[in-house]
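Colleague: Below you'll find the structure I mean.
The values are calculated or read from the model by the stated rules, or taken from the named source; none is laboratory data. Not measured: the values here are computed from a predicted model. All Cβ positions, even for glycine, are placed from backbone atoms using ideal geometry, and neighbour counts span all protein chains on display. In case anyone asks, the SASA skips ligands and DNA or RNA and just uses the protein heavy atoms, side chains included. Shrake-Rupley method; radii C 1.70, N 1.55, O 1.52, S 1.80 Å.
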Amino acid sequence: MGTVRHILQKKGHTVLSIGPSTTVYYALECMVEQNVGALLVMDGERFAGIFTERDYARKIILRGKASKETQVREIMSEHPVTVTPDDTVENCMNLMTQKYIRHLPVLEDGKLVGLVSIGDIVKYIIEDQKFIIDNLEHYITGH
């Protein structure tokens with residue numbers, strides 16, 4: 001099975017981020033505009049946490065807060081589960097399943113180098129299985 005590094009080589013290392021003082025409303029606008037379910041929170045060059053749709057649903061709507069007045073720092077997940085580029089895809093699947101999460105920030109030597117989502121993991125597995133099936137078909141048929 002492959003590693004997070006393999007996924008990032010195809011996907012790229014670009015991540016969408018916001019600052020901790022950004023309003024929740026603006027963060028949601030960015031998420032809708034980019035069609036993503038999470039944004040990484042950066043305090044300058046320092047990785048500060050992650051803001052997800054789940055954070056919004058559980059910490060704004062259900063608590064009666066106003067998204068135009070609340071800053072991301074108030075509701076973001078400050079210590080999310082992270083992985084390294086050398087973690088396996090299988091390990092990512094296990095973490096996501098056990099922790100009920102859909103996004104894993106990727107850190108290398110303490111620095112943010114990317115983000116993998118459940119969609120990235122599924123896409124990688126499908127492509128990997130297709131490659132194996134194609135090779136087996138070529139082997140069996142001799143073509």
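Colleague: What number of residues within segment 57-94 are part of a helix (DSSP H, G or I) and at positive phi? Don't jump to the end; show me each part of the working.
Modeller: Step one: filter segment 57-94 for residues part of a helix (DSSP H, G or I), giving 57-59, 61-63, 72-74, 89-94.
The next check asks that each one be at positive phi; those that pass are none.
So the answer is 0.
Colleague: Turning to a different aspect of this structure: Please tell me if Tyr139 is in contact with a His (Cβ under 8 Å, 6 or more places away or on another chain) and either part of a helix (DSSP H, G or I) or among the aromatic types (Phe, Trp, Tyr) (or both).
Modeller: Values: in contact with a His (Cβ under 8 Å, 6 or more places away or on another chain): no; either part of a helix (DSSP H, G or I) or among the aromatic types (Phe, Trp, Tyr) (or both): yes.
Against the criterion (in contact with a His (Cβ under 8 Å, 6 or more places away or on another chain) and either part of a helix (DSSP H, G or I) or among the aromatic types (Phe, Trp, Tyr) (or both)), Tyr139 does not qualify.
Colleague: Another question about this same structure. Quick check, is Arg54 among the basic types (Lys, Arg), assigned to a helix (DSSP H, G or I) and modelled with pLDDT of 95 or more? So that I can check it myself, show each step before the final result.
Modeller: Working: among the basic types (Lys, Arg): yes; assigned to a helix (DSSP H, G or I): yes; modelled with pLDDT of 95 or more: no.
In short, no.
Colleague: Taking into account only those residues within segment 1-50 that are among the small types (Gly, Ala, Ser) and at positive phi, which is most open to solvent (accessible area, probe 1.4 Å)? Full working, then the answer.
Modeller: Here is the first cut: in segment 1-50, the residues among the small types (Gly, Ala, Ser) are 2, 12, 17, 19, 21, 27, 37-38, 44, 48-49.
Filter once more, keeping what is at positive phi: 12, 44, 49.
Values: Gly12: 23, Gly44: 63, Gly49: 0 Å².
That would be Gly44.
Colleague: Let me ask another. Please determine, by comparing only the residues of segment 107-122 that are of a type in the set (A, V, I, L, M) and without any contact (Cβ under 8 Å) to a residue 40 or more places away in the chain, which one is surrounded by the fewest Cβ atoms within 10 Å (Cβ to Cβ). Quick ask: steps written out before the conclusion?
Modeller: The initial filter retains those residues of segment 107-122 that are of a type in the set (A, V, I, L, M), namely 107, 112-113, 115-116, 118, 121-122.
Adding the requirement that they be without any contact (Cβ under 8 Å) to a residue 40 or more places away in the chain leaves 118, 122.
Values: Ile118: 16, Val122: 12.
In this case the residue turns out to be Val122.
Colleague: Ok, one more. Inspect segment 95-113 for any residue being in a strand (DSSP E or B) and more than 13 Å from the chain's Cα centre (by Cα) and give the result as yes or no.
Modeller: The initial filter retains those residues of segment 95-113 that are in a strand (DSSP E or B), namely 103-108, 111-113.
Checking the rest, the ones that are also more than 13 Å from the chain's Cα centre (by Cα) come to 108, 111.
Taking every residue of segment 95-113 in turn, at least one turns out to be in a strand (DSSP E or B) and more than 13 Å from the chain's Cα centre (by Cα).
Colleague: Considering segment 58-90 alone, what residues qualify as being open to solvent by 40 Å² or more (accessible area, probe 1.4 Å), of a type in the set (Val, Ile, Thr) and within 23 Å of Ile7 (Cα to Cα)?
Modeller: Correct list: Val81, Thr82, Thr84, Thr88.
Colleague: Among the residues of segment 1-48, how many are assigned to a loop (DSSP other than H, G, I, E, B) and over 24 Å from Leu95 (Cα atoms)? Can you show your working first?
Modeller: Applying the first criterion (assigned to a loop (DSSP other than H, G, I, E, B)) to segment 1-48 yields 1-2, 12-16, 19-22, 35-37, 44-45.
Those still in the list that are over 24 Å from Leu95 (Cα atoms) too: 19-22, 44-45.
Residues in segment 1-48 being assigned to a loop (DSSP other than H, G, I, E, B) and over 24 Å from Leu95 (Cα atoms): 6 in total.
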